[in-house]
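What follows is a short report on a single structure.
The values are calculated or read from the model by the stated rules, or taken from the named source; none is laboratory data. The structure presented is a predicted model; accordingly, all values stated were derived computationally and were not measured. Cβ sites come from the backbone with ideal geometry, for glycine too, and all protein chains shown count toward neighbours. SASA here: full protein model, heavy atoms, side chains in, ligands and nucleic acids out. Shrake-Rupley method; radii C 1.70, N 1.55, O 1.52, S 1.80 Å.
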Amino acid sequence: MIPRHGHRARALRGATIDHFDTIIVGLGAMGSAAAAHLARRGRRVLGIEQFELGHSRGSSHGRSRMIRMCYFEHPDYVPLLRRAYDLWRETERAACHTLLHITGGIYIGPPDSSAVNGASRAAIDHHLDHELLDRAALARRFPQFHVPDDHRALYEPLAGYLIPEDVIAAHLRLAQSAGATLHDNERVESYETGGARVRVKTSHGEYEADRLIFACGAWATRVVRDLGVQITPTRQILGWVTPRNPAPFTPGTCPVWAIDCPREDPALNLRAGLYYGFPLDAGATGPEGRGFKLARHAIGPPTDPDTNDFSAHPADEADFRPALRAFLPDADGPLAQMRICMYENSPDGHFIIDLHPRNANIIIACGFSGHGFKFASVVGEVLADLAIDGTTRHPIGFLGLSRMASET
């Protein structure tokens, strides 16, 4: 259950403005984790969310998010993932609730697959447990996947999924129980810096803090615009189907999975991207979300986060249905439901976590580009470090804003 907001500290003109150690703008995956870390370290925290807590109008919903250690996107993510796994287990113990579900993971692609080749490099470089499977071995081990003869796969036992709604609720409960003040349905209108403090004006009042963290997802472009960095929100489609033959897709039989399609295949109506999915009913606690979930990891059409179309339309099914017909025919059953979320894409697809270059009182966490949720536990710790000490022991240099200047 999402906690109700605490006492709403509202500053009126001429009145004393409430002061906090840290104000966090956005209480989704990263903001809720930062609030929990900071509050549990004894900091006075105000978290501000423009919608209701745990809302479904951003990037942190849909009942399942994959977590994997053999990370093909960049080798420097692996140390962060090691810490993230540890923190997920610590958070589970503190929250008395299971958050991390280990299923194993299988990643499949052609010889030039960046996903399979990158995952293999990460596994070798970081000595991660994994197996490489040729097409014949894949067919014996996971016969539910039907792929071309030249495809191969990497299996890793540590992969699994998180339930985003449960994760955010757990972090918010931990934050509030440690003394954090959480405001929902309150929109930040402006902020200003001066001296050692930051002042934030919202639809309900004004507040001051020593540090300000922006973790506002698809709305981040309005925050980092003055830095010359474009964060592009995009509309993304999630689908659930009822498999024709459920047995091969049940937990314990089906791992989390991804199939890389580097190029479009007009003959099969396949779009380029990384098709991915979860065991049957992963993360489901009721009628919503039940079924076999899959989606396509690729940048969708640009959107405005304030007016994004969260209604699913019949044409949206074409984003994932051809992958079922081509690769998972036993799962190619009736559509159960579709849902819409958003990505917040950085120019290079990597996260942006850094101090504002002109004001160290401001901390930015954005551009998670559709693959950030699994890192929320460690990102929360990093943001708490930056808010308290201005630095962190974690290797986030490759996620800094300076790389954007070097690319221009």
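The table that follows gives values for the structure above.
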item	result
Looking only at the range 201-251, and only at residues there that are closer than 17 Å to Ser59 by Cα and of a type in the set (S, T, N, Q), the one that is surrounded by the fewest Cβ atoms within 10 Å (Cβ to Cβ)	Thr232
Residue in the range 34-69 that is surrounded by the fewest Cβ atoms within 10 Å (Cβ to Cβ), counting only those that are under 12 Å from the mean Cα position of the chain (by Cα) and among the aliphatic types (A, V, I, L, M)	Met66
Enumeration of residues in the range 155-174 that are charged (D, E, K, R) and open to solvent by 10 Å² or more (accessible area, probe 1.4 Å)	Glu165, Asp166, Arg173
Pairs, first within 18 Å of Ala360 (Cβ to Cβ) in the range 387-398, second small (Gly, Ala, Ser) and in a helix (DSSP H, G or I), C-beta under 8 Å, six or more apart	Ala387/Ala34
Residue in the range 276-311 that is most open to solvent (accessible area, probe 1.4 Å), counting only those that are at pLDDT 95 or above and polar (S, T, N, Q)	Thr307
Scope the range 322-372; condition in contact (Cβ under 8 Å) with a residue 12 or more places away in the chain, open to solvent by 20 Å² or more (accessible area, probe 1.4 Å) and not in a strand (DSSP E or B); matching residues	Arg325, Ala326, Pro329, Asp330, Asp332, Pro334, Pro347, Asp348, Gly349, His350, Pro357, Gly370
When residues of the range 135-153 are limited to those that are assigned to a helix (DSSP H, G or I) and of a type outside the set (D, E, K, R), the one nearest to Ser114 (Cα to Cα)	Leu138
Cβ pairs under 6 Å, 6+ apart, first in the range 244-268 and of a type in the set (Gly, Ala, Ser), second assigned to a strand (DSSP E or B)	Ala258/Tyr107; Ala258/Leu274; Ala258/Tyr276
Selection count, the range 19-62, where residues are farther than 19 Å from Glu344 by Cα and assigned to a loop (DSSP other than H, G, I, E, B)	6
